[in-house]
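Here is the structure we will look at.
The values are calculated or read from the model by the stated rules, or taken from the named source; none is laboratory data. Note that the coordinates shown come from a computational prediction; the quantities given were computed from them, not determined experimentally. With ideal geometry, Cβ positions are generated from the backbone for all residues, glycine too; neighbour counts draw on all protein chains shown. Note: areas computed on protein heavy atoms with side chains; ligands, DNA, RNA excluded. Shrake-Rupley method; radii C 1.70, N 1.55, O 1.52, S 1.80 Å.
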Amino acid sequence: MSLSTAFLDELRSRTLLSALIGRTTKLQKAGREFRACCPFHNEKTPSFYVNDDKGFYHCFGCSAHGDAIRWLTDQRGLPFMDAVKELAQAAGMELPAMDARAAQRAEAAKGLHEACDEAAAWFTEQLHGLAGAEARGVLEKRGIRPETARDFGLGFAPDSRGKLKAALKDYGDPMLVEAGLLISVDGKEPYDRFRGRLMIPIRDQRGRAIAFGGRIIGDGEPKYLNSPETPLFDKGRTLYNLDKAAPAARKAGRVLVVEGYMDVIALAQAGFGEAVAPLGTALTEAQLERLWRMSDVPILCFDGDGAGQKAAIRAAHRALPLLTPGRSLAFVTLPQGQDPDDLVRAKGPAAFEALLRDTQPLVDRLWAHELAAEPTATPEQRAGLKARFTELANSIADSDVKHEYLADFRRRFDELFRPQRAPFVPRAPGGGGGRRAGQPWKPPIAPVVEQTKAVRATGIDRILAKAVLAGLIRHPAEIARHMEVLGSLRLADGALGRLFEAVVDLAVEDQALDSDRLLTILASSGFDQIASELLRADQLQCSFTEKHADPIRARADLDEAIAILVARPEIDAALSEATAAMQSRYSDEAFERQVSLVKERHALDTRLANLVQANEDARAFKSEGS
């Protein structure tokens, strides 16, 4: 079928846009236009306008814009051709002629649609008759209100092999078999497929019944029985409740994916009309594409049991090759053993909404799953974990997204498994006092002499303190990790001390603060000159003071520098006490203690020298390589 520009223009001119939109959106006259609260996003003040003369709508809040065809495709989720057909029928226009084969298929599909719609009406009639008492009891027990059951067209199939067949006899057995309503077995008369079941019609985007799901009443297997594949029904391409969820999702700005029919119905009754469900299978690529038309990041709310979580990770793996910038998945983890239906019935809509505010991104779900899948105690096991993450990232077709996943997985892996530096602990003099070598040494409590007070007041290495402060300005996110130490540390009096306190306070107030934003705030507070001096290239150079250093290495080196900065005054204070003790009363133990502390101070100096030298070597190597 070919649709000319002239045909589409005529179709638009025959459609009164305000009447079309007014079917589902309350419009108010505003001069020559109509206005309303936008149906595409939540707002309290109307910013959505409809102009019949120009034949378009526009929202000044979210920029939604289009004509009558666009309204049906965007607001109701119809395919383009279905939107054109619906408008043409309302306008009394004939569509351009199809070829003979296409016309024959369309006529056959029309008959199947009518058979399914009539079957859905018959099932509903049975639900509200005498035979449907037990099925109504099931709905009541599950908390499904009568108005909800009517809204979803719920019905009941009596436990009979021929009642539906007799009710729809005018269509003939062959068509009812093709529609999936009867079962045909060689040598036997066709009989009703659904018997003794609560019936749930499955509809296409236009709201037409195309198939059914039947839930057993009482005991029996299978618990749910779906229609077979038919010319109307492709299980892997259909999502339950898509016709109702599409407009609701556009208004809510999200789409929820749950496991089953009853979850969708229960959520809709609780106010979450944007939920859909696959039909007894894992999410397919075609279903994911449909979901992404409604939302860039669909939210998967699968059951909290093992089966539900396996289904979630299968969907995650299936989505990976299809990812593009901005298009992903998010996950909600339900309480163990509960599904959305259980949760909203037990704790109400607020409990479910709280979960939706704390979704887990796709990358986090993949990371957590692989990390928990196998042990990581040995190098071989860690190498296996790294290989699995690389394989997952390489399955992404989009090169930019693939690169970001590889980088993210690598960063997480390095953070988790990089060697941890042991904290500095002063050691006892060589075996003195009966202590074993390596046992942590605690100096005895002694009167604090004036010399010790002076060391504790001025013992901070000023050059190292400047470097550490520069590192904190470069990496303010690291302040939270060292808050216990930094909160009690005073680098110096004067401008440097005030700058240190300001940096710590700002990072505590805003833990998402980055270096550029921190420098901007410091400049506005009068610290721009001293901060610039700290970051000059001629100051003590470490990886954490450089702007473009490797973040993993910078973080590790900053840890080491802070450990040295904190330990040095303690060693110097202890050495001052030992020296004072030697001057007042000599003993071999006091001498050994003094010698040991001198060695400890020398070890700290060596660690600091190594820290600076390693950075110089790395810079030299980089320069040679470039």
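Remarks
- Gyration tensor verdict on region 192-257 (Cα atoms; rounded if a/c is under 1.5, prolate if a/b is larger than b/c, oblate otherwise): prolate
- Over all other residues within a Cβ to Cβ distance under 14 Å of G172, the charged ones net out to -4, with Lys and Arg as +1 and Asp and Glu as -1.
- Taking every Cα-Cα distance in region 271-318 and sorting them into 10 Å bins from zero, the calculated P(r) comes out as 23, 60, 18, 0 percent.
- q = 0.06, 0.12 Å⁻¹, the chain: log10 I(q)/I(0) [Debye, one scatterer per Cα]: -0.56, -1.28
- Computed FRET value (nearest 0.05) for K547 with S525, which takes r as the C-beta separation and R₀ as 22 Å: 0.55
- Length-normalised contact order of the chain in % [C-alpha pairs under 8 Å, at least 6 apart]: 7 percent
- Computed over region 240-299, the Cα gyration tensor eigenvalues convert (square root of 5λ each) into semi-axes of 16, 15, 8 Å, ordered from largest to smallest.
- L182 long-range amide H proximity, modeled H, under 5 Å: V177, R193
- Taking the longest Cα principal axis of the chain as reference, the axis of helix 100-127 is set at about 80 degrees.
- For region 349-423, the spread of Cα positions along each principal axis, largest first, Å: 47, 39, 24
- Distance in nm between pseudo-label sites at D516 and E189 (7 Å out along the Cβ direction from Cα): 7.9 nm
- Equivalent ellipsoid semi-axes, region 32-169, via Cα gyration tensor eigenvalues times 5, rooted, Å: 39, 27, 10
- Region 327-370: Cα Rg divided by the 2.2 N^0.38 Å rule of thumb: 1.28
- Per the Debye calculation on region 196-328 with a single equal scatterer at every Cα and no solvent contribution, log₁₀ I(q)/I(0) for q = 0.09, 0.13, 0.22 Å⁻¹ amounts to -0.25, -0.54, -1.50.
- Expected 222 nm ellipticity per residue - DSSP helices of 4 or more, -39500 (n - 2.57), all of the chain, to 500: -16500 deg cm²/dmol
- In this Cβ point-charge picture (+1 for Lys and Arg, -1 for Asp and Glu), the chain has a dipole of about 600 debye about its Cα centre.
- Within region 159-268, GluC sites (Glu not before Pro) in DSSP loop having at most 14 other beta-carbon neighbours inside 10 Å: E229
- Nearest-ten-degree value, helix 551-584 long axis tilted from longest Cα axis of the chain: 30 degrees
- Quarter of the Cα convex hull surface for region 551-599, i.e. its orientation-mean projected area (nm²): 3.5 nm²
- Considering only Cα atoms, the convex hull volume of region 91-226 works out to 145 Å³ per residue.
- Pairs over the 27 Å Cα-Cα cut-off, from the set K141/K251; K110/K223; K165/K223; K165/K244; K235/K347; K85/K169: K141/K251; K110/K223; K165/K244; K235/K347; K85/K169.
- Comparing A316, P335, Q360 along the charge dipole axis of region 308-378, the residue lying farthest to the positive side is A316, per the Cβ-charge model.
- Normalised per residue, the volume of the convex hull around the Cα set of region 1-77 (Å³): 98 Å³
- With all protein chains kept in place, the per residue accessible area of the chain amounts to 52 square angstrom at a probe of 1.4 angstrom.
- R0 of 51 Å, Cβ-Cβ distance R481-L95: FRET efficiency to nearest 0.05: 0.15
- With every protein chain in place, the chain: carbon and sulfur % of accessible area (1.4 Å): 51 percent
- Between the amide H of I202 and those of I210, A211, F212, G213, distances stay under 5 Å, these residues lying 5 or more places away or on another chain, with hydrogens modeled in the peptide plane.
- Cα pair count fraction exceeding 16 Å, expressed as % - region 265-358: 56 percent
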